[in-house]
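Novice: Sharing a structure below in structure tokens format, with a few things to ask.
The values are calculated or read from the model by the stated rules, or taken from the named source; none is laboratory data. Computed from a predicted structure; not experimentally measured. In this analysis, Cβ positions are derived from the backbone assuming ideal geometry, glycine residues included, and neighbour counts consider all displayed protein chains.
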Amino acid sequence: MTQLATVNYHVHKPERQAFELDAGGIVGNLISPELAPTEVQVFDERAVGVSTTFEKASVGFATVPTQVRSYDNDNGWQPTYDAELTKLLADEIDVKEVIIFDHTVRIDDPDAARKPARNVHSDYSKHGAEQRLIDILGVEKAAEWAKGHYAFINVWRPVAAPINSAPLGFILPESVADEDWILLDLIYPDRKGQIMGLAANADHEWVYMSKMTPDDVAYFNIFDNKGRASIGHSALDMIEDPNIHTVRQSIESRTLVRY
């Protein structure tokens with residue numbers, strides 16, 4: 001079963017492009033490069049039973065209930081949630097070490113500090129991932145990890161209510177051509193990173209899981225130093241049921257893992 005959705009692809013340009021986050025010192029203020037809204041067909045994994053796997057497609061879906069129901073600013077929930085995510089990744093992809101270094105709550109509201117990411121991208125370039133490894137571990141320990149197999153994996157979960165609008169969609173890596181990727185700078189007030197955007201290609205095969213609840217997660221590869229494909233993803237502009245009016249809320253957790 002497929003659905004129609006709109007996504008915002010990046011556009012090839014001769015000059016380097018960039019996102020500026022919290023621009024001008026204003027939290028939530030985002031300056032974006034040019035994007036190209038495009039209608040795509042999206043295959044619903046739930047409609048026929050999950051067939052996409054992390055091993056084959058760099059994204060997996062699982063039902064993993066959480067004890068956490070409120071992700072407020074006091075961070076009292078974080079030790080419990082970090083322990084749950086560590087177990088999830090150990091169980092699902094057999095990693096031996098997990099470092100959880102960032103949680104971002106996104107709310108689909110114009111006044112939210114972090115809104116759903118509505119651009120087709122993956123979170124790290126090779127250089128950006130290598131620099132982030134150093135940022136997290138320090139130079140000496142990063143060099144040790146780099147001798148083995150490490151990866152950055154994102155774990156995404158709905159918050160408060162099932163997702164009815166702007167679900168998270170993924171492009172199967174086998175449908176992406178090398179030339180579709182575009183290197184983008186990511187400029188924060190205190191640091192600079194790099195991500196990879198994706199330009200439109202009619203061959204892209206999009207998948208998502210409909211009606212995900214707060215007990216469902218998607219876990220997906222955003223960089224792997226041994227070559228596992230990074231997966232392009234984006235919020236999908238679509239509505240499951242026009243009679244439901246909940247606000248799309250989610251939490252994404254970025255993790256560094258060692259195999």
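Novice: For the stretch 174-190, which positions are under 11 Å from residue 20 (Cα atoms), assigned to a loop (DSSP other than H, G, I, E, B) and within 20 Å of the chain's Cα centre (by Cα)?
Specialist: 188
Novice: Something else about it: Right, residue 136: aliphatic (A, V, I, L, M), assigned to a strand (DSSP E or B), touching a strand residue (DSSP E or B) at 6+ places or on another chain (Cβ under 8 Å) and in contact (Cβ under 8 Å) with a residue 60 or more places away in the chain or not? Before the answer, list the steps.
Specialist: Values: aliphatic (A, V, I, L, M): yes; assigned to a strand (DSSP E or B): no; touching a strand residue (DSSP E or B) at 6+ places or on another chain (Cβ under 8 Å): yes; in contact (Cβ under 8 Å) with a residue 60 or more places away in the chain: yes.
Criteria not met by residue 136.
Novice: Look at residue 195 and say whether it is under 14 Å from the mean Cα position of the chain (by Cα), under 27 Å from residue 71 (Cβ atoms) and in a loop (DSSP other than H, G, I, E, B).
Specialist: Working: under 14 Å from the mean Cα position of the chain (by Cα): yes; under 27 Å from residue 71 (Cβ atoms): yes; in a loop (DSSP other than H, G, I, E, B): no.
Judged against the criteria, residue 195 is not a match.
Novice: Taking the stretch 66-78 only, how many residues are surrounded by 10 or more Cβ atoms within 10 Å (Cβ to Cβ) and either in contact with a Pro (Cβ under 9 Å, 6 or more places away or on another chain) or more than 24 Å from residue 234 (Cβ to Cβ) (or both)?
Specialist: Filtering the stretch 66-78 for residues surrounded by 10 or more Cβ atoms within 10 Å (Cβ to Cβ) gives 66, 68, 71, 75-78.
After this cut, where a residue has to be either in contact with a Pro (Cβ under 9 Å, 6 or more places away or on another chain) or more than 24 Å from residue 234 (Cβ to Cβ) (or both) as well, the list is 66, 68, 75-78.
Total meeting the criteria: 6.
Novice: Scanning the stretch 117-162 for residues that are over 19 Å from the mean Cα position of the chain (by Cα) and of a type in the set (D, E, K, R), which turns out nearest to residue 210 (Cα to Cα)?
Specialist: Of everything passing the filter in the stretch 117-162, 135 is nearest to residue 210 (Cα to Cα).
Novice: Can you report the number of residues in the stretch 94-122 which are buried (at least 16 other Cβ atoms within 10 Å of the Cβ), in contact with an Asp or Glu (Cβ under 8 Å, 6 or more places away or on another chain) and outside any loop (DSSP other than H, G, I, E, B)?
Specialist: The total comes to 3.
Novice: If a residue has to be surrounded by fewer than 16 Cβ atoms within 10 Å (Cβ to Cβ) and part of a strand (DSSP E or B) to count, how many in the stretch 19-32 make the cut?
Specialist: Qualifying residue count, the stretch 19-32: 2.
Novice: Here's something else I'd like to know. Looking only at residues that are of a type in the set (S, T, N, Q) and not in a strand (DSSP E or B) in the stretch 33-52, which one is nearest to the chain's Cα centre (by Cα)? Spell out how you get there, then give the answer.
Specialist: Start the filter on the stretch 33-52 by keeping residues that are of a type in the set (S, T, N, Q), which leaves 38, 41, 51-52.
Imposing the further condition that a residue be not in a strand (DSSP E or B) reduces the set to 51-52.
On the way: 51: 20, 52: 16 Å.
Within the stretch 33-52, the match that is nearest to the chain's Cα centre (by Cα) is 52.
Novice: Let me spell it out: the conditions are (1) of a type outside the set (A, V, I, L, M); (2) modelled with pLDDT of 95 or more; (3) more than 22 Å from residue 1 (Cβ to Cβ); (4) touching a Leu at 6+ places or on another chain (Cβ under 9 Å), and residue 194 meets all of them except one. Which number is the exception?
Specialist: The one condition residue 194 does not meet is (2).
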